[in-house]
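The values are calculated or read from the model by the stated rules, or taken from the named source; none is laboratory data. Here the structure is a predicted model, which is why all the values come from computation and not from measurement. Virtual Cβ from ideal backbone geometry, glycine too; neighbours counted across all protein chains shown.
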Amino acid sequence: MMRRRSTLLLSCTALVLALGATACGSDDPVTAGGGDQNLSGQTITVAGVWSGSEQKNFQKVLDAFSEKTGAKTQFVSTGDNVSTVVGSKIEGGNAFDVVLVPQVGVLKQFAEQGWLVPLSKKTESEVDANFAEVWKNYGTVDGKFYGLYFKAAHKSTVWYSPEALEQAGVEPPRDFKGMLEAGRTVSDSGLSAFAVAGQDGWTLTDWFENIYLSQAGPENYDKLAAHELKWTDESVVKALTTLGTVFKDEQLIAGGRKGALNTDFPGSVEKVFGPKAEAGMVYEGDFVAGVAKDQFGRSIGDDANFFPFPGVDGGEAPVVSGGDAAVVLKDGKNQKAAQALVEFLATPEAAAVWADAGGFLSPNKKLDPAAYSDAVTRATAKSLVAAGDSVRFDMSDQAPAAFGGTKGAGEWKILQDFLRDPSDPKATAAELEKAAAKAYKG
């Protein structure tokens, strides 16, 4: 997941051309997807972590919904501390109507605190028909379906400048050792190997999770995600040691460890694809493409491309995913319109709007791959959908927010500390276990 105004109102004619005839007027006032219900005069408040190009592109989806229904929408970017912001709004009697929740653990927390209402039967039917079961499972708490995964992420992709690799005389690597060797060759040619967004702790959890899934295997991954395996386990120490080989080597990281700790996610993409390149590669999810395209004018597939995060120590190449789930708050003032919006988000029509803009993947199997604007994203989307229920969801997103989803705390902070000083993986593992035990117990 990326921690993420110009408004583009789509006419009905434009929607017909872009999305097919079903996107606009119909005699049925309550079809799936918000269905041209007359919601004129109603305003839906929507919150999510997205900012920058992601917020801009999601606004296009909201504008499409407004064109269909007459409802107005107001989007608020919460930043990474979504739990705190949403909780404060509820306490103040001014709850959002819809929230795009970026972590499974946070969704579960919201449901257990009684903040959510189940999604409509229309939304549930759409998900049952057109999504792999895993996506519904991650949106379900105690048998009730609360969260629609509108935006997915393929978080096992390493993005690179083809020009940088070509100048260094290296090919996209096939294993983790080869990636580090290629990185050192890139560094010898005048650029750093990787731009690392250490200012955003969630990017560091993604590094760890890909290494751990490949090195320790899916069974251990699932156990660690559920805290059925302690973070002091040797498999965790081994993965941290492997990650430390990247962090220790100042030659590999743009600006060194100190520079990485002062680089946020958009800044890491800029260091590779911006006007003054400082690095040849940046590891993060498919959403790198949206930033590279929208902010820096890169042509995806030509001067911005990716290779799969490589397998570690002979392990399988990992496939880690993530996503943002739309939920409806019980204390929101506009329940009917909120449910209608989520019904719309469950359709391929809504997904097609953002797919065309870039920096987006949908788990909806009904979305035509042709909706994606470039061949690279199309291939990534097909890979994610084809993985079906074998996808492993982002581990930190499954954890309680206090451990896996809070800025300046838990796993995010501990891995930032590890980036600052990667000399003692065992001590870092002990700190992770201490924080995890407290969060899971709470």
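Identify, please: which residue in region 356-373 is polar (S, T, N, Q) and under 18 Å from the mean Cα position of the chain (by Cα) and is, among those, surrounded by the most Cβ atoms within 10 Å (Cβ to Cβ)? Result: Asn364.
Count, please, the residues in region 220-277 that happen to be of a type outside the set (D, E, K, R) and either outside the structural domain of Ala289 (by TED's automatic domain parsing) or in a loop (DSSP other than H, G, I, E, B) (or both).
The total comes to 14.
If only residues of region 388-403 that are within 14 Å of the chain's Cα centre (by Cα) and in a helix (DSSP H, G or I) are counted, the one that is farthest from Gln103 (Cα to Cα) is Met395. Consider region 275-301 and keep the residues that are of a type in the set (Asp, Glu) and at pLDDT 95 or above. The one that is nearest to Ala381 (Cα to Cα) is Glu284. Somewhere in region 29-48, is a residue at pLDDT 50 or above, under 13 Å from Phe344 (Cβ atoms) and not in a loop (DSSP other than H, G, I, E, B)? Checked region 29-48: at least one residue is at pLDDT 50 or above, under 13 Å from Phe344 (Cβ atoms) and not in a loop (DSSP other than H, G, I, E, B). Can you go through Val196, Val269, Val246 and tell me which one is crowded, with 18+ Cβ neighbours inside 10 Å, more than 24 Å from Pro102 (Cα to Cα) and either in contact with a strand residue (DSSP E or B) (Cβ under 9 Å, 6 or more places away or on another chain) or of a type in the set (Val, Ile, Thr) (or both)? None of the others qualify; the one that does is Val246. Within region 68-113, restricting attention to residues that are within 19 Å of Gln55 (Cβ to Cβ) and among the acidic types (Asp, Glu), the residue that is modelled with the highest pLDDT is Asp97.
Only one entry of Val328, Val376, Val353, Val385 meets the criterion of being crowded, with 17+ Cβ neighbours inside 10 Å, assigned by TED's automatic domain parsing to the domain that holds Leu116 and not in a helix (DSSP H, G or I), and that entry is Val328. Please verify whether Gly408 is touching a Ser or Thr at 6+ places or on another chain (Cβ under 8 Å), farther than 21 Å from Gly139 by Cβ and not aromatic (Phe, Trp, Tyr), treating the condition exactly as stated. Taking the combined requirement at face value, the residue does not satisfy it. Residues that are in a helix (DSSP H, G or I) and aliphatic (A, V, I, L, M) were ranked within region 129-144; the one that is farthest from Gly322 (Cα to Cα) is Ala129.
Considering (1) crowded, with 22+ Cβ neighbours inside 10 Å; (2) in contact with a strand residue (DSSP E or B) (Cβ under 8 Å, 6 or more places away or on another chain), the lone condition that Gly290 does not fulfil carries the number (2). Would it be correct to say that Gly297 is surrounded by fewer than 24 Cβ atoms within 10 Å (Cβ to Cβ) and within 20 Å of Glu171 (Cα to Cα)? For Gly297, the condition - surrounded by fewer than 24 Cβ atoms within 10 Å (Cβ to Cβ) and within 20 Å of Glu171 (Cα to Cα) - is not met. Considering only residues that are more than 19 Å from Phe393 (Cα to Cα), polar (S, T, N, Q), crowded, with 16+ Cβ neighbours inside 10 Å and under 24 Å from the mean Cα position of the chain (by Cα), which ones fall in region 83-138? Residues satisfying the conditions are Ser83, Thr123.
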